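Colleague: One structure follows; several queries about it will come next.
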Amino acid sequence: MNVVKNFAKGIIKENPVLVLILGTCPTLATSTSVINALGMGAAATVVLICSNIVISALRKVIPDKVRIPCYIVLIAGFVTAVQMLVKAFAPALDQSLGIYLPLIVVNCIILGRAEMFANKNNVFDSAIDAIGMGIGFTLALFMMATIRETFGNGTFCGMEIPVLKDNKVMILTMAPGGFFVFGLLIAFMNKFAKHKPAKKDFGCEGCPQAESCGKISCDEKVKEAAVND
Amino acid sequence: MIKLIIILLSAVFINNYVLSRFLGICPFLGVSKKLDSATGMSLAVIFVMLIATAVTWPIQMYLLNPNGLGYLQTIVFILVIAALVQLVEIVLKRYVPSLHKSLGVYLPLITTNCAVLGVTILNIDEGYTFVEAMVNSLGSGLGFFLAMVMFSGVRSTIEGSDIPKSFQGLPITLIAASITSLSFLGFGGVIENLFA
């Protein structure tokens with residue numbers, strides 16, 4: 001697998017948010033303003049890079065049976081570190097992200113990449129994959145936040161936009177607007193992205209627990225081959 | 001007492017975990033296709049939320065805080081929840097097989113459910129007492145249940161309708177969720193004034 005392909009797939013072809021449909025909770029919750037979205041994207045990217053590197057380095061050490069708990073502990077460690085850094089150097093961001101910062105632990109993107117990529121590939125590839133995925137996640141958050149903030153609040157990064165400021169669509173910054181914009185963006189990706197709209201339903205390939213979930217709602221089991229092409 | 005009722009009602013309606021706080025979206029979108037699986041999943045969530053709060057609240061207050069280890073919250077909570085879910089599954093399997101049969105498949109899914117971790121952390125952040133924390137967990141669980149059951153009804157209506165191609169599957173589900181969440185906006189401000 002070459003490096004560029006590995007890096008670029010996270011941004012469009014396998015965009016974790018818009019194509020793999022992972023990490024929906026933080027996407028919906030933190031995309032009310034551009035600053036929040038970028039902060040969340042950066043925090044998650046840092047955790048993702050660290051966890052992917054360490055999990056990939058330890059992939060031969062961690063026993064297969066207890067791998068998920070091991071990953072969770074590793075990820076939780078990195079999240080705590082990031083949480084403390086944000087608290088110390090960007091207290092305003094810590095305030096506005098609130099509960100969603102510690103909840104990076106249960107962000108499916110991070111566990112999903114560990115399970116789908118890092119435990120099968122070497123350290124360098126995993127790091128590249130993590131950077132690509134992190135940028136893809138941040139980009140998707142940025143797109144959503146731009147739509148929601150400019151039209152919902154009439155501002156961009158806190159700067160007022162003349163005409164939109166007087167014609168706010170307040171609902172976009174509230175919860176229903178989040179679901180709505182997210183739905184539109186995915187529909188847009190389905191329509192215009194070159195890949196086939198593979199996602200007929202909720203993203204099971206990416207979910208680390210797809211196997212047990214498969215008993216309930218998903219028809220197909222995890223397709224490792226499809227993910228790892 | 002009134003404070004407890006306010007906490008309960010606002011957790012169910014105003015700060016609904018799924019529809020206004022965006023926690024637990026994964027099961028909300030993934031398991032809400034059929035009414036019986038939606039019910040099973042949400043009952044399991046209520047159950048785990050209550051047990052998790054009952055265990056994590058004392059740990060934070062009597063173990064972590066007095067020893068200055070508050071920053072270990074995230075690691076400790078996720079570990080406790082993961083271990084707890086396993087334990088509950090084993091206990092149920094051994095002693096209450098009928099309950100295990102109906103909730104068993106959903107339990108492993110809950111370990112990495114952000115709603116459960118979210119409720120335990122929020123209980124600490126909000127400075128609730130033990131009783132208030134338990135009530136808040138119950139309310140959050142009930143809110144999750146309500147959203148799941150309502151939404152599974154909405155989804156069964158979508159199944160049969162004619163939808164533009166690019167909207168099929170997830171996009172239309174999200175837009176339906178948006179409308180469902182719109183209905184919850186109406187509760188804002190009601191509960192605080194109910195007892196005023």
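The values are calculated or read from the model by the stated rules, or taken from the named source; none is laboratory data. All values derive from a computational prediction rather than experimental measurement. Neighbour counts run over all protein chains shown; Cβ positions are idealised from the backbone, glycine included.
Colleague: Need the failing condition index for A:Phe89 against (1) within 14 Å of chain B (Cβ to nearest Cβ); (2) out of contact with any Lys or Arg (no Cβ under 8 Å at 6 or more places or on another chain), just the number.
Modeller: (1)
Colleague: Mind counting the residues in region A:1-54 that are in contact (Cβ under 8 Å) with a residue 12 or more places away in the chain, part of a helix (DSSP H, G or I) and not aromatic (Phe, Trp, Tyr)? Write out each step before concluding.
Modeller: So the first thing to find is which residues in region A:1-54 are in contact (Cβ under 8 Å) with a residue 12 or more places away in the chain, and the list is A:1, A:3, A:6-54.
In the following step, the residues that additionally are part of a helix (DSSP H, G or I) were identified as A:3, A:6-8, A:24-30, A:34-54.
Filter again for not aromatic (Phe, Trp, Tyr), leaving A:3, A:6, A:8, A:24-30, A:34-54.
Adding up the residues that qualify gives 31.
Colleague: Another question about this same structure. Hey, does region B:172-191 have a residue that's surrounded by fewer than 19 Cβ atoms within 10 Å (Cβ to Cβ), part of a helix (DSSP H, G or I) and more than 12 Å from every other protein chain (Cβ to nearest Cβ)?
Modeller: Yes, that holds for at least one residue.
Colleague: Restricting attention to region A:137-145, does a residue exist that is within 14 Å of chain B (Cβ to nearest Cβ) and aromatic (Phe, Trp, Tyr)?
Modeller: no
Colleague: Another question about this same structure. Consider A:Glu115 against the criteria (1) within 13 Å of chain B (Cβ to nearest Cβ); (2) surrounded by fewer than 19 Cβ atoms within 10 Å (Cβ to Cβ); (3) of a type outside the set (Val, Ile, Thr); (4) under 18 Å from the mean Cα position of the chain (by Cα): it satisfies all of them except one. Which criterion is unmet?
Modeller: Result: A:Glu115 passes all but (2).
Residues are listed down the side, and each one gets a yes or a no for (1) in a helix (DSSP H, G or I); (2) under 22 Å from B:Thr74 (Cα atoms); (3) modelled with pLDDT of 90 or more:
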site: B:Gly127; (1), (2), (3): no, yes, no
site: B:Ala147; (1), (2), (3): yes, no, yes
site: B:Arg155; (1), (2), (3): yes, no, no
site: B:Asp162; (1), (2), (3): no, no, no
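Colleague: Condition (residue is more than 30 Å from A:Thr150 (Cα to Cα), among the hydrophobic types (A, V, I, L, M, F, W, C) and assigned to a helix (DSSP H, G or I)) applied to region A:83-94: is it met by at least one residue?
Modeller: First, the residues of region A:83-94 that are more than 30 Å from A:Thr150 (Cα to Cα): A:84.
Narrowing further to those that are among the hydrophobic types (A, V, I, L, M, F, W, C): A:84.
Adding the requirement that they be assigned to a helix (DSSP H, G or I) leaves A:84.
Checked region A:83-94: at least one residue is more than 30 Å from A:Thr150 (Cα to Cα), among the hydrophobic types (A, V, I, L, M, F, W, C) and assigned to a helix (DSSP H, G or I).
Colleague: Then there's this: Residues being of a type in the set (A, V, I, L, M, F, W, C) and either within 12 Å of the chain's Cα centre (by Cα) or part of a loop (DSSP other than H, G, I, E, B) (or both): count how many of those fall in region B:81-121.
Modeller: Looking only at that region, the number is 7.
Colleague: Which one is farthest from the other protein chains (Cβ to nearest Cβ) among residues in region B:71-127 that are among the hydroxyl-bearing types (Ser, Thr, Tyr) and crowded, with 19+ Cβ neighbours inside 10 Å?
Modeller: B:Thr120
Colleague: Only residues in region A:162-191 that are at the interface with chain B (Cβ under 10 Å from one of its Cβ atoms) count as the first member; pair them with residues that are outside any helix (DSSP H, G or I) and aromatic (Phe, Trp, Tyr), Cβ under 8 angstrom, at least 6 apart or cross-chain, and list the lot.
Modeller: A:Ala175/B:Phe22; A:Gly178/B:Phe22
Colleague: While we're here: Give A:Ile12, A:Ile35, A:Ile55 a once-over and let me know the one that is on the phi < 0 side of the Ramachandran plot and surrounded by 22 or more Cβ atoms within 10 Å (Cβ to Cβ). Write out each step before concluding.
Modeller: Working: A:Ile12 fails: surrounded by 22 or more Cβ atoms within 10 Å (Cβ to Cβ); A:Ile35 fails: surrounded by 22 or more Cβ atoms within 10 Å (Cβ to Cβ).
Only one candidate passes the filter, namely A:Ile55.
Colleague: May I pose another question? Could you list, in sequence order, all residues of region B:25-35 that are farther than 16 Å from A:Phe180 by Cα, touching a residue at least 40 places away in the same chain (Cβ under 8 Å) and facing chain A (nearest Cβ under 7 Å)?
Modeller: Keep residues of region B:25-35 that are farther than 16 Å from A:Phe180 by Cα, which gives B:26-27, B:30-35.
Applying the additional criterion that residues be touching a residue at least 40 places away in the same chain (Cβ under 8 Å) yields B:26-27, B:31-35.
Once the filter is applied, which keeps residues that are farther than 16 Å from A:Phe180 by Cα, touching a residue at least 40 places away in the same chain (Cβ under 8 Å) and facing chain A (nearest Cβ under 7 Å), region B:25-35 yields B:Cys26, B:Val31, B:Lys33.
Colleague: Taking the condition of a type in the set (Lys, Arg), surrounded by 14 or more Cβ atoms within 10 Å (Cβ to Cβ) and part of a helix (DSSP H, G or I), does B:Lys33 pass?
Modeller: So B:Lys33 fails the test.
Colleague: If you don't mind, there's one more thing I want to ask. Looking at A:Asn52, A:Asn36, A:Asn107, can you tell me which residue is away from chain B (no Cβ under 14 Å) and not aromatic (Phe, Trp, Tyr)?
Modeller: Exactly one residue qualifies, and that residue is A:Asn52.
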